[in-house]
Amino acid sequence: MTVPNILTMSRVAAIPLFAVSMGLGWRVAALVLFSLASVTDLLDGYLARRMGQVTRFGKFMDPLADKLLVFAALVFFLAEGTVPAWAALLVLAREFVVSSLRSVAASAGTVIAADRSGKVKTAVQIVCVIAILTPWHAVPIGAARLCDAASWIIAAVTLWSGIDYLIRYRSLLKEQILL
């Protein structure tokens, strides 16, 4: 297994540790785990390209690891009422739509790689999750306002990214629907 793939799998391995930390109310530990796992996302892609170790496994697992990490955080945020259900459902729906689009494209022999909007979406989601996890008790604007703002930002960027993919690949969808 390559170093980039090990980093990707370490992100997946961090998810249960993150979940236990959140479940026990160890928010700072969860913040540290989530932040460290997120850094591996930057590092694995950089190393894979730099070392010439881009693999099919990495292409599949890297975005999946990102989604699983963000979903894990959203589940806990939903349970504690930090993020509204509509925002979490929008994130989930976007991922299903884009994954379905990728499946349709693959059946037509086309590969849809992660593009700029998908990478921006992931980065924004990670930054917002870190902001929500950070203890903001002394901040004048208040933690609730920050969480609300982060939820709206996550939702807006996620929606933009999903629409971007659908517009970019609408001709492929038209072809497949007409078959």
### Message
Looking only at residues that are within 29 Å of R170 (Cβ to Cβ) and buried (at least 18 other Cβ atoms within 10 Å of the Cβ) in the range 68-93, which one is nearest to the chain's Cα centre (by Cα)?
### Response
V70
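Matching residues to (1) farther than 19 Å from V120 by Cα; (2) modelled with pLDDT of 95 or more:
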residue: A13; (1), (2): yes, yes
residue: L17; (1), (2): yes, yes
residue: S21; (1), (2): yes, yes
residue: G25; (1), (2): yes, no
residue: A30; (1), (2): yes, yes
residue: S35; (1), (2): no, yes
residue: G45; (1), (2): no, no
residue: R50; (1), (2): yes, no
residue: Q53; (1), (2): yes, no
### Summary
Considering residues that are surrounded by 14 or more Cβ atoms within 10 Å (Cβ to Cβ) and either among the β-branched types (V, I, T) or over 12 Å from I130 (Cα atoms) (or both), the number found within the range 30-42 is 3
### Task
Return the pairs, sorted by first residue and then second, in which the second residue is surrounded by 12 or more Cβ atoms within 10 Å (Cβ to Cβ) and modelled with pLDDT under 90, the first residue lies in the range 41-58 and is over 22 Å from A106 (Cα atoms), the beta carbons are less than 6 Å apart, and the residues are 6+ apart or on different chains.
A48/V54; A48/G58
### Message
Need pairs with beta-carbon distance below 6 Å; first residue farther than 28 Å from E80 by Cβ and within the range 1-22, second among the β-branched types (V, I, T); sequence gap 6+ or separate chains.
### Response
L7/T40
#### Entry: helices (runs of 4 or more DSSP H) (entirely within the range 80-179) containing at least 3 residues that are in contact (Cβ under 8 Å) with a residue 24 or more places away in the chain and closer than 19 Å to K59 by Cβ
85-107, 116-133, 143-168
### Task
Could you tell me whether any residue of the range 131-147 is among the charged types (D, E, K, R) and at pLDDT 90 or above?
no
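Only one of F18, F96 is of a type in the set (A, V, I, L, M, F, W, C), under 22 Å from A150 (Cα atoms) and surrounded by fewer than 18 Cβ atoms within 10 Å (Cβ to Cβ); which?
One residue alone meets the criteria, F96.
The values are calculated or read from the model by the stated rules, or taken from the named source; none is laboratory data. Remember, predicted model here, so these are calculated numbers, not experimental data. Backbone-built Cβ (ideal geometry, glycine too); neighbour counts: all protein chains shown.
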